[in-house]
Amino acid sequence: MAAAIRIIGIDPGLRRTGWGVVETLGNSLRFVASGTVRSDDKAALAVRLKQLHDGLVAVLHEHVPHEAAVEATFVNKDAVATLKLGQARGVAMLVPALAGLGVAEYAPNAVKKTVIGVGHGDKKQIHVMVKVLMPRASFDTDDAADALAIAICHAHHRQSAAARLAMAGR
C-alpha cells in the first residue's frame, strides 16, 4: 500500500518566510500545518539569515516532510533587495537539502497557474483556491498561504510526473 507523501512549500523572504505542509496520497491532498518564520529587521543580515535557518530547521524537525518546494523569486526594482532576497532563498533551499530532502523550484506564475488556473492572479485568488482545495487550511500571513500554494503546486507536478513515468513503462 502506498504511503502519503508529506511536502513542505516554502515562500522565501528576508522579513517573513512562509511555510506550508501538505500530505498527498493519490489524488487526495490534506492540510497539515502552516506558518511564518520571521527575522528581526533591526538585526544584522547574518543574524537574520540564521533566524530563518533556525526557524525552518524547527519546522522540518516538527513536521518531518519527505519533499520540499521553494518559490523561485524575482525582484527587479532594487538590486540590494534582490540580493538579500536571494540570500534568504538560499537558506530556504539549503535547510531542506541539508535534511536530505529533494528541493523543487517553481516560478510564481507556475504556482498561480496550478492553483488558480491562470499564470497571473492576486493573493486573494490564491487564498480562496487554497481554502477550496483544502477547507481545513489555515494560515497566519500571505506568505504562509503562498507557501501552501507552492506545496500544492509540487504535489500536482510530482503526481503528473509519476503518471508520465507510469505511462512510459507500459
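The values are calculated or read from the model by the stated rules, or taken from the named source; none is laboratory data. Keep in mind the model is a prediction, meaning the values are calculated, not measured. For neighbour counting, all protein chains shown are included, and Cβ atoms are generated from backbone atoms with ideal geometry for every residue, glycine included.
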### Query
Which condition number does Gly20 fail, the rest of (1) over 12 Å from the mean Cα position of the chain (by Cα); (2) under 18 Å from Pro96 (Cβ atoms); (3) small (Gly, Ala, Ser) being met?
(1)
## Note on the structure
Residue set Thr17, Thr82, Thr24; condition among the polar types (S, T, N, Q) and in contact with a Gly (Cβ under 9 Å, 6 or more places away or on another chain); output residue Thr17
#### Entry: Leu49 being farther than 26 Å from Val130 by Cα, modelled with pLDDT of 95 or more and either in contact with a helix residue (DSSP H, G or I) (Cβ under 8 Å, 6 or more places away or on another chain) or among the hydrophobic types (A, V, I, L, M, F, W, C) (or both)
yes
### Task
Residues that are surrounded by fewer than 19 Cβ atoms within 10 Å (Cβ to Cβ) and in contact with a strand residue (DSSP E or B) (Cβ under 7 Å, 6 or more places away or on another chain): find the strands (runs of 3 or more DSSP E) completely inside region 1-79 holding 3 or more of those.
28-38
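Residue under question is Asp140, and the condition is that it be assigned to a loop (DSSP other than H, G, I, E, B) and in contact with a strand residue (DSSP E or B) (Cβ under 7 Å, 6 or more places away or on another chain); does it hold?
When the stated conditions are applied, Asp140 passes them.
For region 99-137, how many residues are part of a helix (DSSP H, G or I), of a type in the set (Lys, Arg) and more than 13 Å from the chain's Cα centre (by Cα)?
4
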